[in-house]
Each structure stands twice: as C-alpha cells, then as structure tokens.
Amino acid sequence: MIRYLIKNNIKIMSRSMVNVLCFILCPMIVSAVLISAFSSLLNKYEGSTESFIVGYSIKSKDGSESIRQLLNGLGSNSDITFAEYQNEDPETILSNSEVASFVEFGENDYKIYVKDDFEIQGKIIEGMLSVSFNSMIANGTEPQTAEITVNKADFIPPVDSTDYYGIIYIVYFAWCAIVCASGLLSSEKKYRIDNRFRISGICEFKLYLAKFLSVSIVVLSGITVSALFSALFLGVHWGNILLSALIVFILVMASTALGLMFYSITNSLVLTVIIVFAIVWILGFIGGSFEVYMFSSTPESVRVISPIYHENRALIELLVQGKSDYLLSAILYPLALVIGCSGISVAANQLRRRGRK
Amino acid sequence: METILRTIDLTKKYGSKVVVDNLNIEIKKGEVFGLLGPNGAGKSTTMNMICDIVRPTLGSIEFMGMDFRKNKSELLRKLGYIPQDLAIHGNLKAWENVELFTSLYGIKGEELKKAINESLDYVGLLERKNDYAKNFSGGMKRRLNIACAIGHHPDLLIFDEPTVGIDPQSRSFILDKIKESNKKGTTVIYTSHYMEEVEAICTRIAIMDNGKIIAIGTSEELKKLVVDNTESITLEEVFLTLTGKKLRDY
C-alpha cells in the first residue's frame with residue numbers, strides 16, 4: 001500500500017525543482033569555493049611530516065663535531081635533512097628558505113626556532129634532540145643518536161584539498177535533508193492532507209515509513225548527482241566506493257530521520273528548518289566541516305560527539321589509506337540515530353493524533 | 001429504514017465551551033441527510049467527530065451497527081469524506097492525486113487503475129487526468145477533491161460545504177452527482193449554507209444551533225414548524241426564524 005505513497009511523495013519532492021537544484025548545486029559550489037581558497041592549506045601539511053629540512057648553527061667550538069655526528073645520525077635514520085648555517089639570523093633563514101625548523105646550539109644549551117604551520121615538525125625535532133641529550137647526560141657519554149617513533153595516527157595522511165572539501169561538503173549538505181522534504185511537508189500542511197490520512201485509517205508507522213523512505217530516496221539521488229558532478233567537474237576522488245556509498249546512504253537516512261523527528265515534535269516547518277540547520281552547523285563545526293579536522297583545536301572528546309566527524313574521518317581515511325578506524329562508528333552512530341529519531345517521530349505523531357482537539 | 005449512523009449523547013467541549021452538546025441523531029441508510037446551521041453551530045465539529053478527525057469529549061458513534069471507536073479501522077474504510085478545504089496536492093496530476101488517496105484504502109494494481117478512471121470520470125475530469133491540480137480552476141479542484149474521496153466506494157459520503165466559491169455550472173454538476181450516488185445506494189450527509197441546495201437534494205434536514213439539533217425533519221415538516229401554508233415560506237426563512245437574525249461572529 002505504501003508504495004503508492006512513496007511514489008507520489010517522490011514526485012511531489014522532485015517537482016519542487018528549486019529545492020532539488022539547491023540540494024545538488026550547493027555542495028558543488030561551496031566545495032569549489034573552498035578548494036580554490038584553501039588549496040595551499042593542506043598542501044603545506046601533507047607529506048611535510050615525512051621529510052623536511054632543519055637548519056642549524058653551532059656556536060660552541062668544543063662540542064661542534066659531536067653535534068654534527070649526532071645530527072648526521074638523526075638524518076640518516078629519518079627523512080630529515082640537516083643543513084648547517086654560519087652566523088646567520090635564524091628567523092631570516094626560516095622566512096627565506098624551505099627550512100621548517102632551525103636549531104641554534106649554544107655553549108650549554110640549544111634553541112629551536114619553528115616556522116609557522118610547521119609546529120609538528122618542531123615537536124619532532126625537539127623530541128629527537130631531547131632524548132639524545134638526556135641519554136648523554138644520564139650515561140655521561142657523547143650524545144647518542146635517538147630514534148623517535150612518530151605516531152602516524154596522530155597525523156593526517158596526505159590528502160588533496162580538492163578531495164577533502166569535495167567529500168566533506170557532500171557529507172555536510174546530506175545532513176540538510178529537510179530542505180528536500182520541505183516541498184512535501186509544506187504541501188501536506190497547506191492542503192491539510194493529514195485529515196485525509198486520518199480518515200483512511202492508515203497507521204502512523206506506515207505514514208512515517210512512506211515519508212522517511214521517499215525523502216531518503218530523493219536526498220540520496222540528489223547527493224549522488226552532486227557527488228558525480230563534483231567528481232567530473234572538480235576532480236574529487238572517493239576511496240572505497242562501496243564503503244563510502246554505505247556511509248553516505250546511512251547518513252542520509254539519519255539526516256532524514258533527524259529532520260522528520262523535529263517536524264513531528266514541532267509541527268512547524270520553519271521551526272524545524274531553523275533547529276536542524278543550527279544543529280547541523282554545530283555538528284559540522286566540531287566535526288571538521290568548516291575547520292579542517294586535522295588542524296582543529298576542538299578536543300577529540302568533543303569531536304567524537306558529532307556524527308559528521310566520524311563520517312568525515314572515515315571517508316577521508318578510506319580515500320587516503322583504504323581503511324579507517326572510524327568506519328564502524330561512521331555506520332553505527334547514524335544507524336542509532338535513525339532508530340532513535342524514527343521511534344520519537346512515530347511516538348510524537350501518535351501522541352498528537354490522540355491528543356488532537 | 002435501517003439506521004446506518006447514530007450518534008449517542010455526542011459532546012465536544014473546548015475548555016468550558018460546549019461546541020456540540022449531547023447530540024443524538026440517526027441517519028437512515030440510503031438517505032441524503034442535510035445538516036444546516038449558522039457559523040459556529042457545531043456542524044463541522046460533528047462531521048469531524050464522525051470522521052475521527054476530532055475526538056469526542058463524551059458520547060459515542062454507532063456506524064453500521066458497530067461501535068465506531070472499537071471498529072475504527074474497519075469502519076473508516078466504509079466512509080468517504082469531502083472536506084470543506086481542498087485536500088489535494090497541487091504538484092501532482094489529477095490521476096496521481098486520486099491514486100495517492102485511493103491507495104490508502106488498500107486498493108492496488110488494476111483495481112486501482114480502474115478506480116482512478118471511474119472516479120475521474122464521475123467528476124468529469126477524465127480528459128484532464130494528466131493535468132496538474134495546481135492548474136485547475138476552483139470548480140475543477142472541488143471536483144477533484146470529491147474524486148479523491150470516492151475511489152474506494154464508501155457506503156457513507158460526508159460532504160462538508162462542497163460548493164463553496166464555485167460557479168453555478170460546477171455547483172449544479174456536483175449536486176447532480178450527489179443525487180446520482182444516492183440513487184446507487186450511497187448514504188450522504190451534506191452540510192451547506194446554501195438553503196436551496198439542501199432543499200433540492202436532501203431527504204431529511206436537521207437545523208443545528210449552539211451545538212444542539214433544534215429542528216429535524218423533511219423540508220415540508222420544517223416549514224410546518226413555522227407556518228401552516230408551506231408554500232408561502234422558504235427554507236431560508238424557516239432557518240432564520242428558528243436560529244434568529246443575530247450575527248454569529250466566531
């Protein structure tokens with residue numbers, strides 16, 4: 001029975017062309033703007049944790065040879081290149097060369113200078129030198145070459161900004177499914193279609209299911225078209241297509257369920273759109289939609305609250321690594337939202353029907 | 001004649017305001033029952049309670065010999081409601097609107113296709129079945145509104161002011177169709193502010209005011225309540241005599 005409802009709901013939504021066009025074009029436009037604006041941001045970051053140049057100068061005459069040996073050892077054990085400078089200003093060197101960090105060795109101390117955007121490289125070199133010199137003090141020997149194990153999981157794998165923004169904004173706009181549903185919901189409200197549903201005796205669950213499935217299908221179609229267009233025209237790449245599609249499919253369902261839940265509770269489309277947009281904006285903010293999540297100052301404990309963060313990380317990591325530790329949470333978290341929000345929606349509609357005047 | 005619908009002490013209160021007050025009416029099978037009343041008399045609330053859109057505060061409804069509340073899902077399928085407000089999707093074609101609302105009653109496949117064509121033919125819109133409802137005139141929308149409620153062949157049809165704001169041709173068409181349905185055995189409850197319509201099609205008429213039935217009977221019987229010579233008075237004059245000329249501003 002509900003297949004006719006689903007079919008006609010889809011027709012109503014797809015005939016509200018403004019909504020559908022917005023839904024297809026918005027992710028493309030926003031990601032295109034951000035790709036061009038921040039193309040260098042991720043380029044600076046990517047790969048620079050793998051290999052970079054460290055400049056140094058030695059003021060002490062006595063220990064200069066042992067320091068050179070130490071740095072040569074550190075360089076041979078990693079992809080770090082150490083370049084010696086004589087009596088030059090460290091800040092000038094950092095600003096005028098490709099050097100990521102500069103170490104000034106004094107008589108009994110050393111000072112590390114770090115270029116903007118290369119804080120992580122600064123931390124790496126600081127850690128290496130600290131371990132090496134501490135072992136020297138502890139053993140009373142010459143400084144030993146220290147091997148620093150860098151936890152790669154703390155750093156993003158290299159990702160192109162085109163792919164990053166292309167994927168992230170598909171996720172973000174998919175969370176705004178209520179835009180697509182608005183054509184249907186406003187038509188039902190305007191023409192009091194609800195009364196016809198009531199006198200037909202159709203149960204709330206079937207009504208909800210028909211609406212939920214039809215909105216999900218339209219949103220998923222719109223998002224798929226948008227993703228295809230951005231792949232064709234912007235050159236956005238996706239990782240494992242099947243897993244990525246599964247994540248997007250479930251997040252679209254979660255987005256639909258979230259929107260319909262607020263509509264069931266408020267019974268006002270305007271209020272629903274405001275609430276959903278505010279929530280999605282907050283989830284996007286902490287989840288990496290506006291601030292690249294690798295550079296985000298938001299603590300990890302806060303970021304994991306946002307389903308958008310799980311989806312962003314899973315999709316990006318699937319692209320650059322082919323696997324992701326966030327894959328399971330990116331599927332289960334929105335799935336839990338689908339079940340929870342749907343339950344609340346049906347209950348709210350039943351309560352409204354029972355308590356009707 | 002067999003009773004198809006009976007209201008028993010049907011009452012609806014909004015706070016302390018009683019909108020429908022202990023209403024007891026019986027609708028006989030195969031009749032066209034007219035419900036008249038000034039604005040705010042409680043007609044639409046009564047209709048909405050019969051259709052399960054509004055929940056009664058007190059009392060009950062018996063439909064086809066069964067308690068309505070207890071057998072709601074079964075009985076709602078035997079009911080067709082044509083609301084005063086147009087309840088059609090503008091962005092759907094005429095046949096799609098009929099398909100959507102008729103399918104809610106479990107009709108599908110070939111049976112559904114047949115029901116769509118029959119319903120549209122019944123209201124004279126078969127040739128316009130592929131046109132969008134939003135492009136229809138007021139009268140055509142009203143007719144489509146009717147088509148959406150009859151596809152499942154209900155035993156009782158409830159018309160809530162179906163001729164508001166339409167041209168005389170469309171009104172005449174709708175009234176003829178109501179008579180035609182009635183001849184085929186469908187019971188009709190009809191509310192309107194147009195007295196001549198009610199007089200033309202209804203076999204019995206009830207006049208409602210302040211939530212109560214103040215008079216009930218055939219047109220002749222109602223006229224006799226006011227004057228002996230029924231030819232010297234119209235139904236509208238009877239209505240005004242019984243309900244008064246005071247404006248009802250709700």
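The values are calculated or read from the model by the stated rules, or taken from the named source; none is laboratory data. A quick note: this is a predicted structure, and the numbers were derived from the prediction, not measured. Ideal geometry is used to build each Cβ from the backbone, glycine not excepted, and the neighbour counts take in all protein chains shown.
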Those residues of segment B:1-25 which are surrounded by 16 or more Cβ atoms within 10 Å (Cβ to Cβ) and either assigned to a loop (DSSP other than H, G, I, E, B) or touching a Phe, Trp or Tyr at 6+ places or on another chain (Cβ under 9 Å) (or both), in sequence order:
B:Ile4, B:Leu5, B:Arg6, B:Ile25
Assess whether B:Ser119 counts as being of a type in the set (Ser, Thr, Tyr), facing chain A (nearest Cβ under 10 Å) and part of a helix (DSSP H, G or I).
no
Looking at A:Ser255, is it under 23 Å from A:Ile217 (Cα atoms) and either surrounded by fewer than 21 Cβ atoms within 10 Å (Cβ to Cβ) or touching a Lys or Arg at 6+ places or on another chain (Cβ under 7 Å) (or both)?
no
Looking only at helices (runs of 4 or more DSSP H) that fall completely inside segment B:153-250, which ones have 3 or more residues that are surrounded by 15 or more Cβ atoms within 10 Å (Cβ to Cβ) and hydrophobic (A, V, I, L, M, F, W, C)?
B:168-183, B:195-201, B:235-243
Out of curiosity, is A:Gly322 on the phi > 0 side of the Ramachandran plot and either modelled with pLDDT of 95 or more or buried (at least 23 other Cβ atoms within 10 Å of the Cβ) (or both)?
no
Among residues of segment B:106-116, those that are buried (at least 22 other Cβ atoms within 10 Å of the Cβ) and at the interface with chain A (Cβ under 9 Å from one of its Cβ atoms), counted
0
When you go through (1) modelled with pLDDT under 90; (2) over 30 Å from B:Lys246 (Cβ atoms); (3) in contact with a strand residue (DSSP E or B) (Cβ under 8 Å, 6 or more places away or on another chain); (4) crowded, with 22+ Cβ neighbours inside 10 Å one by one for B:Ala41, which number turns out not to apply?
(2)
Can you tell me which residues in segment B:122-141 are within 13 Å of chain A (Cβ to nearest Cβ) and closer than 28 Å to B:Leu5 by Cα?
none
Could you tell me whether segment B:58-65 includes any residue that is touching an Asp or Glu at 6+ places or on another chain (Cβ under 9 Å), over 25 Å from B:Glu180 (Cα atoms), at pLDDT 90 or above and within 14 Å of another protein chain (Cβ to nearest Cβ)?
yes
Residue satisfying condition, being surrounded by fewer than 14 Cβ atoms within 10 Å (Cβ to Cβ), under 19 Å from A:Ala83 (Cβ atoms) and not aromatic (Phe, Trp, Tyr), within set A:Lys115, A:Lys111:
A:Lys111
May I ask you to list the residues in segment B:42-95 that are in a strand (DSSP E or B), small (Gly, Ala, Ser) and over 17 Å from the mean Cα position of the chain (by Cα)?
B:Gly59, B:Ser60
